[in-house]
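Scroll down for the structure; my scribbles are underneath it.
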Amino acid sequence: MAPALSRSLGASSVAALRPTPSRGRGPTLRSAVAVQGRGAAAVAARGVRWEAGRRKGKGRMVGVRCEAAVTEKPAGEEEAAGEQFEYQAEVSRLLDLIVHSLYSHKEVFLRELVSNASDALDKLRFLSVTDSSVLSDGGELEIRIKPDPEAGTITITDTGIGMTKDELKDCLGTIAQSGTSKFLKALKENKDLGADNGLIGQFGVGFYSAFLVAEKVVVSTKSPKADKQYVWEAMADSSSYVIKEETDPEKMLTRGTQITLFLRDDDKYEFADPGRIQGLVKNYSQFVSFPIYTWQEKSRTVEVEEEEEEEPKEGEEATEGEKKKKKKTITEKYWDWELANETKPIWMRNPKEVEKTEYNEFYKKAFNEFLDPLAYTHFTTEGEVEFRSVLYIPGMAPLSNEEIMNPKTKNIRLYVKRVFISDDFDGELFPRYLSFVKGVVDSNDLPLNVSREILQESRIVRIMRKRLVRKTFDMIQEIAEKEDKEDYKKFWESFGKFVKLGCIEDTGNHKRLSPLLRFYSSKNETDLISLDQYVENMPENQKAIYYIATDSLQSAKTAPFLEKLVQKDIEVLYLIEPIDEVAIQNLQTYKEKKFVDISKEDLELGDEDEDKENESKQEYTLLCDWIKQQLGDKVAKVQISKRLSSSPCVLVSGKFGWSANMERLMKAQTLGDTSSLEFMRGRRIFEINPDHPIVKDLSAACKNEPESTEAKRAVELLYETALISSGYTPDSPAELGGKIYEMMTIALGGRWGRPEESEAATSESNVEVESSEGSATEVVEPSEVRPESDPWKD
């Protein structure tokens with residue numbers, strides 16, 4: 001149960017004063033003076049003696065006296081008398097704190113009591129190795145839980161070691177006294193026997209969690225070391241307890257302990273329900289090494305005989321008492337014991353002895369899944385931290401959007417010595433981007449608080465997290481390296497976004513994350529490729545990894561930025577998901593190759609002809625200046641393009657601003673800051689293709705007729721068309737549509753000849769419109785036309 005508040009830690013020969021009652025409710029300080037004559041023998045070391053005192057009245061006071069160590073002083077020095085002080089504690093208040101302040105959820109009471117029962121069975125099993133007589137008078141080592149909805153009670157019975165009268169006072173009567181801790185200490189002192197690491201208890205307050213739901217607790221226990229059976233009783237709000245000898249023959253136990261909880265009125269309906277108890281056992285104590293049986297209602301089909309009277313046939317007289325028996329099948333309900341923890345803790349076994357089908361079966365039962373996992377890993381870590389774990393990659397992505405990238409998915413179940421502790425972690429054991437991984441972790445070294453609910457932040461937790469993450473990466477990498485690429489294709493379709501999120505959030509694991517990435521490219525538009533494949537296919541003179549970010553695969557294929565690169569047989573990655581561009585920007589490089597966005601300025605392809613570029617710049621300097629003058633502040637500058645071959649122009653973004661794709665995404669944010677759009681948008685550079693006919697015509701217009709209205713309108717239309725083809729959104733789509741319709745009218749007008757009738761109809765309609773403008777005609781809406789018999793007419 002736990003270290004005692006009142007126990008002797010060492011022998012002391014110093015006389016101490018008995019505690020006297022103190023006034024007031026709170027902890028009080030009292031003094032006791034230890035008098036020691038001069039020249040007394042030196043005391044090498046003194047223990048600390050804790051002594052309990054009682055206070056009459058409402059609560060019981062626990063007095064704790066600490067006796068100071070005294071050493072011999074040199075002759076001639078005056079010896080100063082030291083004062084001794086005692087702590088006082090009110091037991092009822094202490095119990096109230098333990099019950100109501102340690103635990104977040106009432107349901108953990110069953111976990112604590114079942115763990116105590118498991119420890120009692122473990123102790124008996126251990127002692128039976130040297131003394132087989134302790135098993136002679138009892139049955140199988142098991143735990144049975146029987147809820148009674150009508151009486152509002154729960155009875156937990158184990159066939160463990162039991163307790164004597166002195167052990168009842170020592171373990172249940174002393175708060176924070178752990179019987180398991182004392183047992184382990186005795187084992188360690190006896191080195192020949194060794195130690196049993198399967199014991200769970202350590203704090204000594206788990207038993208008192210029963211008062212979370214019970215107003216009264218009765219413990220009946222029989223130890224193989226005693227001839228008598230004793231009963232321990234206590235009320236929730238009392239500061240005292242009663243121990244008596246059991247005299248009722250019907251309540252006698254052969255061996256072990258029986259705990260009966262008399263539930264509070266508020267908790268009867270919930271915790272006296274057999275289904276609820278079954279669920280709690282499966283959740284918290286499913287992997288306890290002893291069988292746990294719960295009292296459950298079951299149903300079965302049985303055949304019964306029914307008597308029915310036969311109707312007399314025509315011409316026959318009815319005879320009384322003549323009946324025929326008929327068989328009928330009915331469903332009968334009955335109560336019986338049901339095994340609640342049939343699933344075995346697979347992580348406690350040697351991985352070499354476990355078959356793949358067993359891992360898959362455990363995964364389906366433990367996590368309520370219907371598909372086999374894509375991969376699993378079973379490992380044991382030793383060294384600074386010792387723990388066992390089985391991790392799984394699910395066969396499909398979560399169906400609920402709420403579970404995607406949610407750090408509190410409850411996918412990792414933490415156990416301490418096979419007892420469930422928690423599955424509610426906020427990134428302590430796994431980072432957010434690996435929240436899809438499911439599995440169990442079992443360790444004896446975890447830093448828990450007394451309620452066993454909170455995983456405290458410590459160096460041990462950080463080491464565990466690091467090793468779990470590394471094992472997960474190894475598991476994913478094994479899928480990627482398989483000859484059958486279908487498994488990794490399934491993984492990427494389900495969890496590719498998680499891996500990309502890791503590139504953003506976990507800079508320390510970029511080397512492990514980067515090889516797992518997959519993208520479409522200009523040379524692989526149907527199959528995903530890895531960055532390793534891209535680097536292997538690069539020409540020797542290529543110094544960067546080129547990519548383009550768009551909203552779809554089709555728009556990436558037809559983007560004007562690609563033209564020159566495709567012509568030079570340079571592969572370009574297609575980033576078509578919203579998270580792709582941010583992930584690549586966080587990686588920055590891969591195998592010393594920089595990532596370059598081909599939609600941004602200063603694109604270097606490595607084989608430029610500088611002489612030809614200089615000639616083009618000189619030839620088209622006047623055109624660039626004229627176009628910049630027409631567009632004004634819409635663009636930062638106009639220049640000759642290195643990336644175009646068939647398109648007349650393109651609009652690229654500055655080096656340090658958002659790309660067109662990023663600008664589109666930021667505008668779509670629900671809680672986005674619109675004030676930052678203008679600042680982060682970056683400058684836009686208008687690039688023209690000097691080999692395109694439109695650009696050559698505009699160059700001629702610039703030289704021969706710079707004030708031409710048609711030429712200026714063509715520049716405006718060219719710019720707005722470039723906006724769309726480059727992935728930007730025009731400021732006024734309707735205005736752009738009007739310009740396109742006008743250009744189409746000019747281009748199509750009279751080309752195929754118009755019918756005379758349609759021209760005449762057009763002229764007549766124009767005359768009617770002009771005449772209608774001259775006279776004001778009252779227009780009556782259909783809703784205003786009223787019949788003469790309308791009663792509402794004025």
How far is the Cα center of region 343-366 from the Cα center of region 518-566, in Å?
43 Å
In the structure displayed, which of LYS612/LYS655; LYS564/LYS612; LYS617/LYS696; LYS438/LYS490; LYS364/LYS482 lie more than 21 Å apart, Cα to Cα?
LYS612/LYS655; LYS364/LYS482
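What ranking of LEU127, LEU172 comes out by heavy-atom accessible area, probe 1.4 Å, highest first? Don't skip to the answer; put the middle values down first.
Details: LEU127 60, LEU172 5 Å².
Order by accessible area, largest first: LEU127, LEU172.
Pull up the DSSP beta bridges for region 517-597 and report the antiparallel fraction as a percent, rounded to 5. The partial results should precede the final answer.
On the way: 6 of 14 bridges.
Antiparallel bridges make up about 45 percent of those DSSP assigns within region 517-597.
Give me the net charge for the shell around ARG413: Cβ to Cβ below 11 angstrom, other residues only, Lys and Arg +1, Asp and Glu -1. Intermediate results must be reported in sequence, preceding the final value.
Values: positive: LYS410, LYS438; negative: ASP423, ASP424, ASP442.
Residues close to ARG413 contribute a combined charge of -1.
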Got the relative contact order for region 610-745 handy, in percent, Cα pairs under 8 Å and 6 or more residues apart?
30 percent
Just order 484-493, 460-469, 428-437, 161-170 by mean Cβ neighbour count inside 10 Å, highest at the front, would you?
428-437, 161-170, 460-469, 484-493
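What is the antiparallel percent of DSSP beta bridges lying wholly in region 610-745, to the nearest 5?
On the way: 5 of 9 bridges.
Around 55 percent antiparallel, to the nearest 5.
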Total charge of the residues flanking LYS228 in space, meaning their Cβ is under 10 Å from its Cβ, with Lys and Arg +1 and Asp and Glu -1, is -1
Can you send over the carbon and sulfur percentage of the accessible area for region 610-745, probe radius 1.4 Å, protein chains only?
52 percent
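The values are calculated or read from the model by the stated rules, or taken from the named source; none is laboratory data. Note that the structure is a prediction, hence the values are computed from the model and not measured. A quick note on method: Cβ atoms are made from the backbone with ideal geometry, for glycine too, and the neighbour counts reach across all protein chains shown. When the accessible area is computed, the model is the full protein with side chains, heavy atoms only, and any ligands, DNA or RNA have been set aside. Shrake-Rupley method; radii C 1.70, N 1.55, O 1.52, S 1.80 Å.
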